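Scroll down for the structure; my scribbles are underneath it.
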Amino acid sequence: MDRRKERKNLGFTLAEMLIVVAITGILAAFGFVAVVHNQRELKLTEMDNTAREIYEGAQNHLTSAEVSGIWDSVYESNKDSGSFLGTKITDPTKVPYNLSSSETHDLRVITVNQLTAATGLKDTALKYILPMGAIDETVRSGGNYVIEYDAYTAQIFSVFYTDKFKSFSYNPDVLAIDKADGRNDKDVRIQYQRNSSGNKYAIGYYGGASAKKTAASDTELTKLQKPKVELINEERLLLKVTYIDNANLISSKSTDKINMTVKLKDASGGTFNYTLSNNSGNYVERTVEEEKGTKNGKTVEYTVKERYYILDSIVDNGKHFYQQ
């Protein structure tokens, strides 16, 4: 009896303690793996969001330059010389977009990283595409990103971004990511490594509406039938209208039948309607993509288009609202 009481007072044996430590270590290892994975996911989300910020800022300013007529002059002056517009993408297999075969395209890529930002931001088309103030300056001049765009149609296709990879570039990095289907598989980008002995980085990506995707469903097509209207308020106040053009989905096939009327309020509080002119000089229009969808069980082809009107401008003569 006394021996049993004495044994109880001795506590855990060494074997018992080792078992507890081992179990605790195993549980901690599982928890650590989960925490690390979550940290990587959050980092990739941060990079993706920044890539989207660059995409939207670049598209807004490029569209603004196109609507004002500035971009046409820039393009014509630089399309056949130097690298001002960026490096040409000549291999069709490296263009993962649904492009209209009936339109002219001039696909380019511009790379900005911490090794080239000093010259890349002032000696390339980024003067117009991503000028100072377009986005957070620490991203614009201190980040590492690749912009893919169509210089002829003034359309941004996609943006890749990373904050730490100082030499990140289209070739070899974006090409390697594409080879591994990294646009669609985020696991490729969550820890990208240029070579087996190099560091690993999270590479953000945003492809906008131009990236290839599956056919739209009945519900998605129904939503597309309603034009989407947005205001872009920069140096030029733009009205952006996104719509689909297809005789089987909408009653009108002609873009000239689209009438835009803006309701305005004056200083006294009164309202009046202003109809925007459909004369070609008052807007620019582009085909965003040609797609396929399913409507009532049948395959339907449709074209997504965007039209931009200048409502007001503080930088273009004759484009102030009261002058129109």
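We did not get these values from a lab; they are worked out from the coordinates using the rules stated. No experiment lies behind these values; they were computed from the predicted model shown. Here Cβ is always computed from backbone atoms with ideal geometry, including for glycine, and neighbour counts include all displayed protein chains.
Quick notes on this one:
- Cross-link pairs beyond the 28 Å C-alpha cut-off, checked among K43/K88; K43/K226; K79/K305; K200/K305: K43/K88; K43/K226; K200/K305
- Computed over the stretch 44-186: relative contact order in percent, which uses C-alpha pairs under 8 Å that are six or more apart: 30
- Database remark: amide H of S313 closer than 5 angstrom to the amide H of L237, H320, F321 (H placed geometrically; neighbours at sequence offset of 5 or more, or on other chains; Pro and chain starts carry no H).
- Once backbone amide H atoms are built at 1.01 Å from N, T153 has D106 as its partners under 5 Å, excluding neighbours fewer than 5 places away on the same chain.
- Under the simplified labelling scheme, the D181-E235 pair shows an inter-label distance of 4.3 nm, with each label point 7 Å from Cα along Cα→Cβ.
- Estimated FRET transfer efficiency when R0 is 51 angstrom, pair T90-K265 (beta carbons, to 0.05): 0.50
- Additional length obtainable on full extension of the chain from S83 to D136, 0.36 nm per residue less Cα span: 16.6 nm
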